[in-house]
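Right, one structure below, let's go through it.
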Amino acid sequence: ATGFTLKSSNIAQIQTEKSWSPATALKVWRTQIRKLVNDVLPSETAPFVNALAIGDRGAMSMSQRKLLAESGLAHLFAISGLHLGLVATLLYLGFRSVYLRIFAHRLGIPARRLLPPLLLPILYGYMILTGSAISTVRALLMLAAVTILCVISRRARPIDVLVAAAFLILAVDPLALFEPSFQLSVAGAGGIILLLPVWQPYLEKTPFIIRYSLTLFAVTLSASLATLPFVLMHFHTLAPAGLILNLLAVPLVSLILVPLALVAIVLSLINPAASAFCFQLISAILAPFIQLIEKTLAIDLFSARTIFLSPSWFITGSILILATACFKHFPRKAKYMVATIVVSLALASVPGIANKNELTVFALDVGQGDATILQMPNGKNYLVDGGGLYSERFDTGERLVAPALGHLGIDQLDAVILSHDHPDHRKGLVYVLENFPVKEFWCSMTETKIHPSLLKPIKEQQIQIRQFQPGWHQIGIKNNLQVFVPGNASTRLNDHSLVLYARHDSDGLILTGDLENAGIHELAASSVPGPVTLLKLPHHGSRKSDPSLLLNKYRPKLAFSSVGNNNRYGLPHSTVLATLTNASIPLQRTDRDGTIRLVSKGQGWAITHWKNGLFR
């Protein structure tokens, strides 16, 4: 969410707790470390060092975050189970060496029983210092469970320890189940626990050096496969470079950078100059490594791919990975059952495998703007406008429209249609054009007038531009999809919005763009190709776009409007709402109803809304 205030006097600082506590002291220490890093390091590497040392990625730019995501190395620059495990290992080895030399012969207690309970408070402090991410909490709980097992001389399967840790997190915070960090942390650890034993028998016969490299690759592959469905579901990025870069990055981070960061953190309390030198050394090592990442991603084989999964593909992939890990433990009948489920889900996920013979409209909830998906009975998919908030920090196409297409199983578009060139219709289309196969781009303007942000991906992806002249134009052989372009003399761009008409048997819909009164009069005076039972309100229901003429001529049974919640324009306008009420025409609105799905089998529209992960 983003917001703003017109006056700084409206901002009130909430007084923080003044009383001292260990947690407060650790947070102050964290702030001091962050300031030290930012003071002594260049802006190109300071965010990476802060992320590596104290788990603070707040200062990372979008390009830096994208670099980590596309390289598959984001997990190394977020304090996670790997970092906590490294710290625990280093502390245990150091304390064990001292204990065996000085105290072991006096106490007579094995180091593995005595030391882990003593280290837990230190590890807890490290978790607080680095931000208490869910993955770190999960790792600490697992270490605590292992500590208890060591003290009471009991054994447990690693997967049981993981499940117990996940259960405790959910017992305290049930909604953590829906957090990407929880899903990725548990899936990554589970993947290593379940999948690594599948590769190990083949690795044990190789020489040590080769075995080490192959084991590291197997660990990376196990974690990557297990987290892949969740990564694609949340971030839509496939990072093949990660399989190669992790072979270098994991030893670099675990054997050099993390130990250096720990030394720098401790030195920051007693010798800031020495601490700054350690941080500068980390930065000097990171700089060429970041350049290596950039050069690797420039190779087409290792460049990141954008993929949007449908729910069916997500479930299919998850079951397939889980079945791979547990296949040898399944009885024969269960193996056949799992194989049947995977194949069935995969077939159900293939676009166009079942023709529903339906006309479907999705009015996407994109705030104050327009984005409509049109699915024709013949299986063709069209995107009409893409929304576009005025904020430069939120890409409507990337964050809303593209995931919606993926969720609906739409992996290519027969046409992307721009009704008119206003930001709240155009901006969200850029990302879609860059990342989806699109056959044609439809508009009512010449190529020279297409906005550069759209023209660039159109040219790069070699998408055919189809410009429509004023009047009605039939699309295809059947008379079920037509385009209308106004030719009036109005100087307002809204009045030249491209209009789309679609029909299925007795039902027809008309998408009116942002037509205002001049465009509405011209549309009403033309010969609409068939019945209109569903009308998209012109211009989001503006009073400058009185729909009375269209309502009187078409007599639709239903109307819908794409508007932002509490938008500053007050749309849809009260006079338009009164007009609809007087005509007894119900209105569906994205600000109130969310994303709307309207389905016609030719004899009326069925309406459902996107609520809690389903159309209901």
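The values are calculated or read from the model by the stated rules, or taken from the named source; none is laboratory data. In this text, all values refer to a predicted model and were calculated from it rather than measured experimentally. When we count neighbours, we look across all protein chains shown, and the Cβ atoms used for this are built from the backbone with ideal geometry, even at glycine. The protein model used for the area step is the full one, side chains on, heavy atoms only, and it has no ligands, DNA or RNA in it. Shrake-Rupley method; radii C 1.70, N 1.55, O 1.52, S 1.80 Å.
If you filter the range 402-420 down to residues that are in a loop (DSSP other than H, G, I, E, B) and open to solvent by less than 30 Å² (accessible area, probe 1.4 Å), you find that the one that is farthest from Ile510 (Cα to Cα) is Gly409. The set of residues in the range 500-529 that are under 39 Å from the mean Cα position of the chain (by Cα) and part of a loop (DSSP other than H, G, I, E, B) comprises Asp505, Thr512, Gly513, Asp514, Leu515, Glu516.
Does Ala578 satisfy the condition of being in contact with a helix residue (DSSP H, G or I) (Cβ under 9 Å, 6 or more places away or on another chain), over 22 Å from Val416 (Cα atoms) and not in a loop (DSSP other than H, G, I, E, B)?
On the way: in contact with a helix residue (DSSP H, G or I) (Cβ under 9 Å, 6 or more places away or on another chain): no; over 22 Å from Val416 (Cα atoms): yes; not in a loop (DSSP other than H, G, I, E, B): yes.
It is false that Ala578 is in contact with a helix residue (DSSP H, G or I) (Cβ under 9 Å, 6 or more places away or on another chain), over 22 Å from Val416 (Cα atoms) and not in a loop (DSSP other than H, G, I, E, B).
Could you tell me which numbered condition Ile477 fails, if it satisfies all but one of (1) in contact (Cβ under 8 Å) with a residue 12 or more places away in the chain; (2) in a loop (DSSP other than H, G, I, E, B)? Every listed condition holds for Ile477 apart from (1).
Pairing residues of the range 497-524 that are of a type in the set (Asp, Glu) with residues that are open to solvent by 10 Å² or more (accessible area, probe 1.4 Å) and assigned to a strand (DSSP E or B), at Cβ distances under 7 Å and at least 6 apart in sequence or on separate chains, gives Asp507/Trp605. Listed by first and then second residue, the pairs linking a residue in the range 264-283 that is surrounded by 14 or more Cβ atoms within 10 Å (Cβ to Cβ) to a residue that is β-branched (Val, Ile, Thr) and not in a helix (DSSP H, G or I), with Cβ atoms under 6 Å apart and 6 or more places separating them unless they lie on different chains, are Ser283/Thr45. Pairing residues of the range 178-202 that are among the aliphatic types (A, V, I, L, M) with residues that are at pLDDT 90 or above and not in a helix (DSSP H, G or I), at Cβ distances under 9 Å and at least 6 apart in sequence or on separate chains, gives Ile193/Arg157. Every test in (1) hydroxyl-bearing (Ser, Thr, Tyr); (2) open to solvent by 30 Å² or more (accessible area, probe 1.4 Å); (3) more than 27 Å from the chain's Cα centre (by Cα) is passed by Ser132 save one, and that test is (3).
Yes/no per residue for (1) open to solvent by 70 Å² or more (accessible area, probe 1.4 Å); (2) touching a helix residue (DSSP H, G or I) at 6+ places or on another chain (Cβ under 6 Å); (3) assigned to a helix (DSSP H, G or I); (4) at pLDDT 90 or above:
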| residue | (1), (2), (3), (4) |
| --- | --- |
| Arg138 | no, yes, yes, yes |
| Cys150 | no, yes, yes, no |
| Arg154 | yes, no, no, no |
| Phe167 | yes, no, yes, yes |
| Gln183 | no, yes, yes, yes |
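The set of residues in the range 383-399 that are closer than 22 Å to His236 by Cα and buried (at least 23 other Cβ atoms within 10 Å of the Cβ) comprises Leu383, Asp385, Gly386, Gly387, Gly388, Thr396, Gly397.
Of the residues making up the range 489-507, those that are surrounded by fewer than 19 Cβ atoms within 10 Å (Cβ to Cβ) and more than 15 Å from Asn378 (Cα to Cα) number 6.
Of the residues contained in the range 71-84, one or more are found to be of a type in the set (Val, Ile, Thr) and touching a residue at least 24 places away in the same chain (Cβ under 8 Å).
Scan the range 453-474 residue by residue and report those that are in a loop (DSSP other than H, G, I, E, B) and open to solvent by less than 30 Å² (accessible area, probe 1.4 Å). Steps first, please.
Just the residues of the range 453-474 that are in a loop (DSSP other than H, G, I, E, B), to begin with: 461-463, 468-470.
Result: Ile463, Phe468.
Summed over the range 536-566, the residues that are under 16 Å from Leu364 (Cα atoms) and assigned to a loop (DSSP other than H, G, I, E, B) give a count of 5.
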